[in-house]
Every structure is written in C-alpha cells, then in structure tokens.
1. Given an 8 Å cut-off on Cα distances and at least 6 residues of separation, report the relative contact order of the chain as a percent.
2. Once amide H atoms are placed 1.01 Å from N in the peptide plane, what residues at a sequence separation of 5 or more from S89, or on another chain, have their amide H within under 5 Å of its amide H?
3. Please list 3J(HN,Hα) in residue order for region 63-71, calculated via the Karplus relation 6.51 cos²θ - 1.76 cosθ + 1.60 where θ = phi - 60°; whole Hz, with x for glycine and proline.
4. Pull out the extension gain between F59 and S91, defined as 0.36 nm times the separation in residues minus the alpha carbon to alpha carbon distance; nm, one decimal.
5. Return the distance in nm (one decimal) between the two label points of a simple spin-label model at H74 and Q104, each offset 7 Å from Cα along Cα→Cβ.
6. From the phi of every residue in region 77-86, what ³J(HN,Hα) in whole Hz does the Karplus formula 6.51 cos²θ - 1.76 cosθ + 1.60 yield, where θ is phi - 60° and glycine or proline is x?
7. Using only the Cα atoms of the chain, what do you get for the radius of gyration and for Dmax, in Å?
Amino acid sequence: MALAGPSFEIRENLDADGIVRLALVGELDIAVADTVEERLRRLGEGDARVRLDLSELEFIDSSGVRAIVLGLKHARQCGHELDVDRRVSSSVERMIEIMGIGPQLWPAGRGDS
C-alpha cells in the first residue's frame with residue numbers, strides 16, 4: 001500500500017517478523033502530516049504491530065513531528081506496539097535534536113528496531 005503526495009509517500013509492507021513497516025519517504029510537512037497521523041491511528045486501532053521507518057525521510061517540519069508524536073502517544077495509551085526505527089537522515093536527526101523528542105521516539109529500555 002502506498003499513499004502519495006507531490007513529494008511524500010507512505011510505503012507499507014509486512015516485515016519477516018510479522019510487523020507492519022510504515023516507511024515515510026520524502027518530505028513530511030503540514031500538507032501531509034494529518035495523513036500520517038490518521039494512518040498511525042488506524043493501524044493502532046487494528047491492533048497491528050507497527051515499525052515506523054524514517055530512513056527515507058528527507059525533511060520533516062514541526063507538524064510532521066507532531067503527527068509522529070501524537071501517533072506514538074495514541075498507540076502507547078491504547079497499548080498498541082509502535083516502534084520507531086533508529087535509522088534517520090541527518091536532516092531528520094537534526095530536527096529530532098532541536099525538538100528534543102528523541103526520548104519519546106526511542107524510550108530507554110526498549111529494543112532497537
């Protein structure tokens with residue numbers, strides 16, 4: 001399954017371990033942030049184990065960060081598994097550092113994806 005915008009795409013695949021890999025590709029900004037948040041919510045409602053892959057994300061703005069953080073919050077409140085892969089581009093890593101959300105994305109004591 002792929003959802004696309006002019007410079008953004010969501011690729012959804014099933015990993016060998018049975019976890020749904022949701023890969024965000026391109027530029028996650030205000031134009032597509034609601035789509036990401038909604039997709040994360042729907043996957044959680046379906047009790048899918050989800051791995052969020054940001055390795056192909058070239059850009060993220062504050063609305064994109066918000067969509068991911070809200071998706072994580074919803075999943076954790078509902079007891080659904082949503083992990084964020086630690087592999088990210090340098091520009092996304094920089095935004096994570098600026099926003100100070102690393103501990104929310106990768107809580108201490110949780111395994112790496």
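1. Averaging sequence separation for qualifying contacts and normalising by length gives 23 percent for the chain.
2. Amide H to amide H, under 5 Å and 5 or more residues apart or across chains, S89 pairs with L57.
3. Each residue of region 63-71 in turn: 5, x, 4, 4, 4, 5, 4, 5, x Hz.
4. So the extension gain works out to 10.9 nm.
5. Label-label distance for H74 and Q104, simple model: 1.4 nm.
6. Calculated HN-Hα couplings, in order: 5, 8, x, 9, 7, 9, 10, 10, 4, 6 Hz.
7. Cα-based Rg and Dmax for the chain come out at 12.7, 38 Å.
Every number in this text was worked out from the coordinates using simple rules, so none of it is lab data. Keep in mind the model is a prediction, meaning the values are calculated, not measured. For neighbour counting, all protein chains shown are included, and Cβ atoms are generated from backbone atoms with ideal geometry for every residue, glycine included.
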